[in-house]
Amino acid sequence: MAQLDPVDPLDPKKNSDLPSSQASRDGDPTKMRNQKALRTSSGRIWLIVGALLVIACLVTLLPMIALGTPVPVIASIIIVLLYAGMFVVRFVVDDRRKRLFWLAVLFCLIAVVGLIAVIIPAFAEHSPL
C-alpha cells in the first residue's frame, strides 16, 4: 500500500497558488514583504487610507487642545507633515518597492504618533501629582 506524502498547510512551496518558479522567485507568499499592497500598488491606496487615518487622528487630537498641554498641537503638526511626506514619496520615488515600503513606514508613523499623542495627556490627566 502506497503511503501518501503528508501535506503541510503552512508550506508555501507545496500549497502555493503561484507557479513554482514564481513562488521561488518571490519567496514565501505569506511573508509581510510579499503582500500585494507592498508589491503591486501604485501608492494611491496608501494616500487614501493615510488621509482617513490623518482625519481620525485630527478629529481625536484637536479637541484635546483644550486640556492645555502642547502635545496635541505638536502631534497634529507632525501627523500633517508625515502625510505630506507620503505625498512626496508617492510622486518622487520611482522604484515601486521602495516607494511602497516608505509609504507603509510613514503610515505606521502617523498611527504611532497619534496613539502616543492621545496616551500622554491621558496619563498626565490621571497622574497622582
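Each reported figure results from applying straightforward, stated rules to the coordinates on display, with no laboratory input. This structure is a prediction, so every number in the text was calculated from the model and none was measured. In this analysis, Cβ positions are derived from the backbone assuming ideal geometry, glycine residues included, and neighbour counts consider all displayed protein chains.
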Flagged in region 76-88 as within 14 Å of the chain's Cα centre (by Cα) and farther than 18 Å from Leu58 by Cα, in numbering order, are none
In this structure, does Phe107 turn out to be surrounded by 15 or more Cβ atoms within 10 Å (Cβ to Cβ), of a type outside the set (Gly, Ala, Ser), farther than 12 Å from Val54 by Cα and in contact (Cβ under 8 Å) with a residue 60 or more places away in the chain?
-> no
